[in-house]
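What follows is a set of notes on a single structure, which appears directly below.
The values are calculated or read from the model by the stated rules, or taken from the named source; none is laboratory data. The shown structure was predicted, so the numbers you read here are calculated from the model rather than taken from an experiment. Positions of Cβ are backbone-derived with ideal geometry, glycine not excepted, and every protein chain shown enters the neighbour counts. Surface areas here come from the heavy atoms of the whole protein model, side chains and all, with no ligands, DNA or RNA. Shrake-Rupley method; radii C 1.70, N 1.55, O 1.52, S 1.80 Å.
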Amino acid sequence: MKVIHKYPLVSRDRTDLDLLDTMVPANHKFLHLGLDGHHQTCIWCEITPDAEPDTPLSFIRVSTGWTIDLNSYEYIRTVEDLPFIWHFYRIKA
């Protein structure tokens, strides 16, 4: 049996890029990244019930027009948070 949980992403202070992360269970299946009803950036994952979040998962948020070397990142999706358009990438392990 599986359950879907929401995990808010927390922004870490960086001057060179916008880094966000959270903790998820090791056996998670990533489903979606987006804004919840409070405009908080979150991910939704399928997990085993009662699984403890013990694995870090990190993303970067890039605005249109930013210049950045994306070789270390995997594109996830683009999110409208007007007036901004954000492009999210997962940090490759």
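Taking only segment 1-20 into account, find how many residues are within 19 Å of VAL62 (Cβ to Cβ) and either open to solvent by less than 30 Å² (accessible area, probe 1.4 Å) or small (Gly, Ala, Ser) (or both). I'd like the intermediate steps shown before the answer.
Pass one, segment 1-20, residues within 19 Å of VAL62 (Cβ to Cβ): 9-20.
Pick out the ones that are also either open to solvent by less than 30 Å² (accessible area, probe 1.4 Å) or small (Gly, Ala, Ser) (or both) and you get 9, 11, 17-20.
Number of matching residues: 6.
Across segment 1-47, which residue is farthest from ILE76 (Cα to Cα) among those that are hydrophobic (A, V, I, L, M, F, W, C) and in a loop (DSSP other than H, G, I, E, B)?
MET1
Give me a count of the residues in segment 57-88 that are free of Cβ contacts under 8 Å to residues at least 24 places away in the same chain, closer than 30 Å to ASN27 by Cβ and assigned to a strand (DSSP E or B).
The number of residues fulfilling the criteria is 4.
Is it fair to say ILE47 is within 14 Å of the chain's Cα centre (by Cα), modelled with pLDDT of 95 or more and crowded, with 16+ Cβ neighbours inside 10 Å?
Working: within 14 Å of the chain's Cα centre (by Cα): no; modelled with pLDDT of 95 or more: yes; crowded, with 16+ Cβ neighbours inside 10 Å: yes.
Spelling it out, it is not the case that ILE47 is within 14 Å of the chain's Cα centre (by Cα), modelled with pLDDT of 95 or more and crowded, with 16+ Cβ neighbours inside 10 Å.
Looking at (1) farther than 16 Å from ILE91 by Cα; (2) touching a residue at least 40 places away in the same chain (Cβ under 8 Å), which is the only condition LEU33 fails?
So LEU33 meets the others, but not (1).
In this structure, is TRP44 within 13 Å of LEU17 (Cα to Cα) and in contact with a His (Cβ under 9 Å, 6 or more places away or on another chain)? Write out each step before concluding.
On the way: within 13 Å of LEU17 (Cα to Cα): no; in contact with a His (Cβ under 9 Å, 6 or more places away or on another chain): yes.
Judged against the criteria, TRP44 is not a match.
For HIS38, which of the numbered conditions (1) touching a His at 6+ places or on another chain (Cβ under 8 Å); (2) surrounded by fewer than 13 Cβ atoms within 10 Å (Cβ to Cβ) fails to hold?
So HIS38 meets the others, but not (1).
Name the single residue, out of those in segment 50-68 being over 15 Å from TRP86 (Cα atoms) and among the hydroxyl-bearing types (Ser, Thr, Tyr), that is least open to solvent (accessible area, probe 1.4 Å). Talk me through it step by step, then tell me what you get.
Let us first name the residues in segment 50-68 that are over 15 Å from TRP86 (Cα atoms), namely 50-58.
From the residues that got through so far, the ones that are among the hydroxyl-bearing types (Ser, Thr, Tyr) too are 55, 58.
On the way: THR55: 43, SER58: 25 Å².
For segment 50-68, the residue satisfying everything is SER58.
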